[in-house]
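Participant: This is the structure I want to talk about, given as structure tokens.
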Amino acid sequence: MAIQAPKGTKDVIPKESYKWQYLEGLARELCQLYGFREVRTPVIEHTELFLRGVGDTTDIVQKEMYTFDDRGGRSITLKPEGTAGAARMFLENGLFNDAQPTKMYYLNCPVFRYDKPQAGRLREHHQFGVEVYGAPLASADAECIRLAMALLGKVGVRHISVHINSIGCPNCRPAYNDALRSYLRGRYGELCDVCKSRFEKNPLRILDCKEERCRAVCQGAPTILDCLCGECAEHFSQLQGCLAGVGVQFKVDPYIVRGLDYYTKTVFEIIAECQGYTGTVCGGGRYDGLIAELGGPQLPGVGFGMGMERLLLVAELSGAAIPLPPSVDVYIAALGEAARSQGFALVDGLRAQGIRAEFDHVGRSFKAQFKYADKLGARKVAILGDDELSKGCVKLKDMASGEERLLPLEELAGALKN
RNA sequence: GUGGGUAUAGUUCAGCCUGGUUAGAAUGCCAGAUUGUGGCUCUGGAGGUCGUGGGUUCGAGUCCCACUACCCACCCCA
């Protein structure tokens, strides 16, 4: 075999790319409507950014990052998620000096995680995500969730549900961790090895474990929602009010904790259950400590990431209608040296007027040119042979009706516009 | 990191169990079916070192081993 694309990466081939462009178009349109502006940040960042931002105890940082030393001896990492880079960009460019909030989005942002690939999971995938900095109120969280749902709705994804939780803040989480640890301590031996290691550092993640025995142990555990401080409880309740107010159905799921350390208060996941595939299409939450953690001012943040590949996957599983790209308006079928050079100029003139015109670059016979025009979905074919050339005309054929008529060259553009 | 599956034309696959002449189909691609005309149909053509390496055998796409790649599940996540 010749060289293949690296494991866990995927090509988008010409006949598939319109689907991506369609999703991108919808996302852009919505972001504009919701007042978000696009940002683009580097694919590579200093490894340090993710150690501090994402958290050095997370799976992502511990075993999934593409990290290497560059030729100058700097430790560089291919971004494993979008938020840390956006936060860095926000800080580095002093955007906190502008009027807040700062509402941003990124589209088709490549992210890399060294995982074992499977359905809906790649080593390089692309995210659409939004970031809101400087907005402490729960309405900002709700706005993000609403935007994600609006996109999924527009795309036509079915069977999706919103799961929300609050994981508290530095004021209340330590107390909860203590409560959780004291509950778990009695049944410590029943936990899986991974969870035993989580016990001291991050007991919250034990709730997220999918092991049967750990789930059983967690059944009667106190939930974070019982231990939230007044501010967090109030925030969570406001979030629910905002969501209900805009008609977003949700489930409160105290077991959502998420795998990134920067979250505070709100966390959420949008889960799709389409025939044969169940998975998170969108995940996010609030990160009020992130900007400060990276050395900036104490400014809150909230946002989400949505996997484009997963979005497309569930869109197709839902039978969502993705409109085909516009086809060729007219194919100029020219035969013979003189006709070809005239035809090429003709195509150029039509394109200058916004008409999608195509031309033969292969040297095919008329018959083959017609076949090719048909494959391209050309609505009309303009025939330019010796006969037409001598009269200064083209014969314009409607491919659907088969009807043909002879018309002067200069009338072609006009005829095509009708 | 753990487990399962697969690897044969551009693509989707058959053939393998029960080794034996020139490895097939469908689809796609190219060409033709009288004079300059697509779709439908018919005919023909091109296209494969059967993932790589080793082994068994008179003989391996087929049996055995190793490697690699891909797919799927777990874990985790988008």
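Participant: Would you mind calculating the relative contact order of chain A from Cα pairs under 8 angstrom and at least 6 residues apart, reporting the percent as a whole number?
Facilitator: Details: 730 pairs, mean separation 64.9, N = 418.
Relative contact order of chain A: 16 percent.
Participant: Further question: When a/c is below 1.5 the answer is rounded, else prolate if a/b is larger than b/c, else oblate, so apply that to the stretch A:153-194 with a ≥ b ≥ c taken from the square roots of the Cα gyration tensor eigenvalues.
Facilitator: Because a/c hits 1.5 or more and a/b fails to exceed b/c, the stretch A:153-194 counts as oblate.
Participant: Which of the lysines could a cross-linker bridge to A:Lys15, judged by Cα under 16 Å and excluding same-chain residues fewer than eight apart?
Facilitator: A:Lys375
Participant: Per residue, how much accessible surface does the stretch A:165-234 expose to a 1.4 Å probe? Answer in Å², no decimals. Before the final figure, lay out the partial values.
Facilitator: On the way: 3630 Å² over 70 residues.
Normalised by residue count, the accessible surface of the stretch A:165-234 is 52 Å².
Participant: Suppose all protein chains stay in the model; what accessible area per residue would a 1.4 Å probe give for the stretch A:326-398, in Å²?
Facilitator: Normalised by residue count, the accessible surface of the stretch A:326-398 is 52 Å².
Participant: Along the Cα→Cβ direction, 7 angstrom out, place labels at A:Asn93 and A:Cys192. What is the inter-label distance in nm?
Facilitator: For A:Asn93 paired with A:Cys192, the spin-label model returns 4.1 nm.
Participant: Another question about this same structure. Residues of the stretch A:1-53: accessible area per residue at 1.4 Å, in Å²?
Facilitator: With the other protein chains kept in place, the stretch A:1-53 gives 71 Å² per residue.
Participant: Let me ask something else about it. For the modelled label position 7 Å from the Cα of A:Ala292 along Cα-to-Cβ, which residues of the stretch A:87-106 have backbone nitrogen atoms closer than 20 Å?
Facilitator: Answer for this model: A:87-92, A:94-98, A:100-102.
Participant: Separate question: How much mean residue ellipticity at 222 nm does chain A get from its helices, if each DSSP H run of length 4 or more adds -39500 (n - 2.57) and you divide by all residues, to the nearest 500 deg cm²/dmol?
Facilitator: -11000 deg cm²/dmol
Participant: Enumerate by residue number the GluC sites (Glu not before Pro) in the stretch A:361-418 meeting two conditions: DSSP loop (anything except H, G, I, E, B), and at most 16 other Cβ atoms within 10 Å of the site's Cβ.
Facilitator: On the way: sites: A:Glu388, A:Glu403, A:Glu404, A:Glu410, A:Glu411; in loops: A:Glu403.
Sites meeting the loop and neighbour criteria: A:Glu403.
Participant: What order, most packed first, do the peptides A:333-342, A:68-77 have when packing is the mean number of other Cβ atoms within 10 Å of each residue?
Facilitator: Highest-to-lowest ranking by the protection proxy: A:333-342, A:68-77.
Participant: Averaged over all directions, how much area does the convex hull of the C-alpha atoms of the stretch A:152-281 cover when projected, in nm²?
Facilitator: Values: hull surface 35.8 nm².
Computed as one quarter of the Cα hull surface, the answer is 8.9 nm².
Participant: State the Kirkwood hydrodynamic radius of the stretch A:120-229 in Å, one decimal place, computed from all pairs of distinct Cα atoms.
Facilitator: 16.8
Participant: If packing is taken as the mean number of other Cβ atoms within 10 Å per residue, what is the order of A:100-107, A:213-220, highest first?
Facilitator: Numbers: A:100-107: 20.9, A:213-220: 14.8.
In descending order of packing, they fall as A:100-107, A:213-220.
Participant: Return the carbon/sulfur percentage of the accessible area of the stretch A:229-381, one whole number, probe 1.4 Å, all protein chains in place.
Facilitator: It is 53 percent, rounded to a whole number.
Participant: Given axes a ≥ b ≥ c from the Cα gyration tensor, I'd like to know whether the stretch A:329-418 is rounded (a/c under 1.5), prolate (a/b larger than b/c) or oblate.
Facilitator: rounded
Participant: Evaluate the relative contact order of the stretch A:165-244 (contact order divided by residue number), counting alpha-carbon pairs under 8 angstrom at least 6 apart; express in whole percent. Each step should come with its number before you reach the end.
Facilitator: Numbers: 69 pairs, mean separation 34.5, N = 80.
Relative contact order for the stretch A:165-244 comes out at 43 percent.
Participant: For A:Lys116, list the lysines whose Cα falls under 16 Å from its own Cα; do not include residues on the same chain fewer than 8 positions away.
Facilitator: Partners within reach: A:Lys7, A:Lys10, A:Lys63.
The values are calculated or read from the model by the stated rules, or taken from the named source; none is laboratory data. Owing to the predicted nature of the structure, the values given are computational and were not obtained by experimental measurement. With ideal geometry, Cβ positions are generated from the backbone for all residues, glycine too; neighbour counts draw on all protein chains shown. Only protein heavy atoms, including side chains, enter the accessible area calculation; ligands, DNA and RNA are left aside. Shrake-Rupley method; radii C 1.70, N 1.55, O 1.52, S 1.80 Å.
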